[in-house]
Amino acid sequence: MRMVFRWFGENNDTITLDQVRQIPGVEGIVWALHDLPVGEVWPRERVQEMKQLGERYSLHIEVVESVNIHEDIKLGLPSRDRYIANYKQTIEHLGEAGVKVICYNFMPIFDWLRTDLHHPLPDGSNSLFYENSRIENMDPFELVMQIQSNSALTMPGWEPERLSHLTELFEAYQGFTEEDLWRNVQYFLDEIIPVAEANGIQMAIHPDDPPWSIFGLPRIIRSQDNIRRFLGMYDSKAHGITLCSGSLGANPDNDIISMIHEFADRIPFTHIRNVKVEDNGDFQETSHRTIDGTVDIAGIVQAYHEEGFTGYCRPDHGRHLWGEQCRPGYGLYDRALGIMYLWGLWDSLQYRRDHPVAAAPGRKEGIRDE
Ligand code: DNO
């Protein structure tokens, strides 16, 4: 398991690279050129600048999250070919800089969605929260206004430029079905995966967050069956997933441990975090600890360990602790704590494997005589 940390760039993050490199075992940053409009080519010079910046702190830039997909590609409009050509050029520039994984998603209009960015937890910290009934009764415009006014920092996937066209976007998706989305993702994959292969890059789609349809918009990367169908659309190692335990875990029917075992060789990148799902379907993000939420993080790490996982891992959203002022979900403290929890689980599994307990006479192998 190779630990990486999401970082939003100079003058765009409250966290410094000096801080990032002091978190044990973090070898690289997960990055993007957040200032570029979706659909534009990422210029070679900008990519190389990021590489040099990482090198100054001995951090690699092998994982990008995300090269976002222009809505015209998701909608299957004739203009998609221009954006796909741009995407291919971006892949080439990233490959030249040593990038190995590109995380992306295929969710119409919205990326991840929450109703509250600072919902209190019993311990006095706060975190991201999703309230079902509020979404059901809410106008999407109102939600966008609320989310944007809640933070001075832009949220990943909530680019103001794109969301300023919300009315047109909703019109464009009128009558648009899941099968339309499947068809358009197939078109995208047929074009993109060969280019990724040629550039030594693995494409890793992120599951939909939350993993169900919202505001009548279709969402397809949301369950084990759908991920199986998705991976079956193109037979290549360059076609994979970013297995996000928090996104899929918002639906308790999703068996993430089973997904890890089934899809192991197609998971180049994983996001590990916990959520606490209530009986009414609301969910709140918690610490990474298994006991604090609904997702079995210890079981997940064990499944990765059993599979001999050598891909990249990042802790995902953290709570907001100790008065930290940060981009919602992306503070330093709770994500650093999360990393130490993940390493603690991983290292103890590894220790057990490296130091098997000798079988004592009359005892089962592996049980200590104490
Ligand atoms: C939110 C993130 C998402 C994720 C994209 C991947 O915090 O998990 O924005 O980066 O969905 O494309």
Among Tyr341, Tyr330, Tyr304, Tyr312, the single one that is at pLDDT 95 or above, under 21 Å from Arg114 (Cα atoms), buried (at least 19 other Cβ atoms within 10 Å of the Cβ) and hydroxyl-bearing (Ser, Thr, Tyr) is Tyr330
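Restricting to segment 222-251, name every residue that is in a loop (DSSP other than H, G, I, E, B), within 14 Å of the ligand (Cβ to nearest atom) and not basic (Lys, Arg).
Step one: list which residues in segment 222-251 are in a loop (DSSP other than H, G, I, E, B), which gives 222-223, 232-238, 250-251.
In the following step, the residues that additionally are within 14 Å of the ligand (Cβ to nearest atom) were identified as 222, 250.
Scanning segment 222-251 gives a single hit, Ala250.
Filter segment 211-253 down to residues that are of a type in the set (A, V, I, L, M, F, W, C) and within 26 Å of Met138 (Cα to Cα) and give me whichever is surrounded by the most Cβ atoms within 10 Å (Cβ to Cβ).
The initial filter retains those residues of segment 211-253 that are of a type in the set (A, V, I, L, M, F, W, C), namely 212, 214-215, 217, 220-221, 227, 230-231, 233, 238, 241, 243-244, 248, 250.
Right, trim to within 26 Å of Met138 (Cα to Cα) and you get 212, 214-215, 217, 220-221, 248, 250.
On the way: Trp212: 13, Ile214: 21, Phe215: 16, Leu217: 19, Ile220: 22, Ile221: 24, Leu248: 27, Ala250: 25.
Looking at residues that are of a type in the set (A, V, I, L, M, F, W, C) and within 26 Å of Met138 (Cα to Cα), I get Leu248.
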Just wondering, is there one or more residues in segment 61-83 that are within 16 Å of the ligand (Cβ to nearest atom), touching a Pro at 6+ places or on another chain (Cβ under 7 Å) and either assigned to a helix (DSSP H, G or I) or without any contact (Cβ under 8 Å) to a residue 40 or more places away in the chain (or both)? yes
For segment 101-151, how many residues meet the condition of being within 22 Å of the chain's Cα centre (by Cα), away from the ligand (no atom under 16 Å from the Cβ) and assigned to a loop (DSSP other than H, G, I, E, B)? 1
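Of these, Lys74, Lys88, which one is surrounded by 22 or more Cβ atoms within 10 Å (Cβ to Cβ), at pLDDT 95 or above and closer than 25 Å to Asp180 by Cβ? Reasoning before the result, please.
Working: Lys88 fails: surrounded by 22 or more Cβ atoms within 10 Å (Cβ to Cβ).
Selected residue: Lys74, the only one of Lys74, Lys88 that is surrounded by 22 or more Cβ atoms within 10 Å (Cβ to Cβ), at pLDDT 95 or above and closer than 25 Å to Asp180 by Cβ.
Output the number of residues of segment 95-117 satisfying the condition of being under 23 Å from Trp158 (Cα atoms) and either aromatic (Phe, Trp, Tyr) or modelled with pLDDT of 95 or more (or both).
Within segment 95-117, the subset under 23 Å from Trp158 (Cα atoms) is 101-117.
Filter again for either aromatic (Phe, Trp, Tyr) or modelled with pLDDT of 95 or more (or both), leaving 101-108, 110, 112.
Looking only at that region, the number is 10.
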Those residues of segment 296-330 which are within 16 Å of the chain's Cα centre (by Cα) and among the hydrophobic types (A, V, I, L, M, F, W, C), in sequence order: Ile297, Ile300, Cys313
Report, by residue number, each residue of segment 289-328 that is within 15 Å of the ligand (Cβ to nearest atom) and closer than 26 Å to Ile61 by Cβ. Tyr312, Cys313, Arg314, Pro315, Asp316, His317, Gly318, Cys326, Arg327, Pro328
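Wholly within segment 261-347, which strands (runs of 3 or more DSSP E) include no fewer than the required count, namely at least 1 residues that are more than 30 Å from Asn12 (Cβ to Cβ)?
Values: elements: 269-272, 275-277, 283-285, 312-315.
Passing ranges, in order: 275-277.
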Return the residues of segment 263-291 that are closer than 24 Å to Met203 by Cβ and either surrounded by 15 or more Cβ atoms within 10 Å (Cβ to Cβ) or among the basic types (Lys, Arg) (or both); say none if nothing qualifies. Phe263, Ala264, Arg266, Ile267, Pro268, Phe269, Thr270, His271, Ile272, Arg273
Restricting the search to segment 152-200, which residues are closer than 29 Å to Glu96 by Cα, within 15 Å of the ligand (Cβ to nearest atom) and touching a residue at least 60 places away in the same chain (Cβ under 8 Å)? Thr154, Met155, Pro156, Gly157, Glu159, Arg162, Val185, Phe188, Ile192
Given the criteria more than 16 Å from the ligand (Cβ to nearest atom), over 17 Å from the mean Cα position of the chain (by Cα) and either over 22 Å from Ile339 (Cβ atoms) or of a type in the set (Lys, Arg) (or both), does Asp282 qualify? yes
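When you go through Asp265, Asp347, Asp296 one by one, which is the residue that is modelled with pLDDT of 95 or more and closer than 30 Å to Asp116 by Cα?
The conditions single out Asp296.
Residues to consider are Ala198, Ala152; find the one that is at pLDDT below 95 and either surrounded by fewer than 16 Cβ atoms within 10 Å (Cβ to Cβ) or out of contact with any Leu (no Cβ under 9 Å at 6 or more places or on another chain) (or both). Break it down stepwise before answering.
Working: Ala198 fails: at pLDDT below 95.
Ala152 is the lone residue from the list that is at pLDDT below 95 and either surrounded by fewer than 16 Cβ atoms within 10 Å (Cβ to Cβ) or out of contact with any Leu (no Cβ under 9 Å at 6 or more places or on another chain) (or both).
The values are calculated or read from the model by the stated rules, or taken from the named source; none is laboratory data. Keep in mind that what you see is a predicted model, and the values were worked out from it rather than measured. Virtual Cβ from ideal backbone geometry, glycine too; neighbours counted across all protein chains shown.
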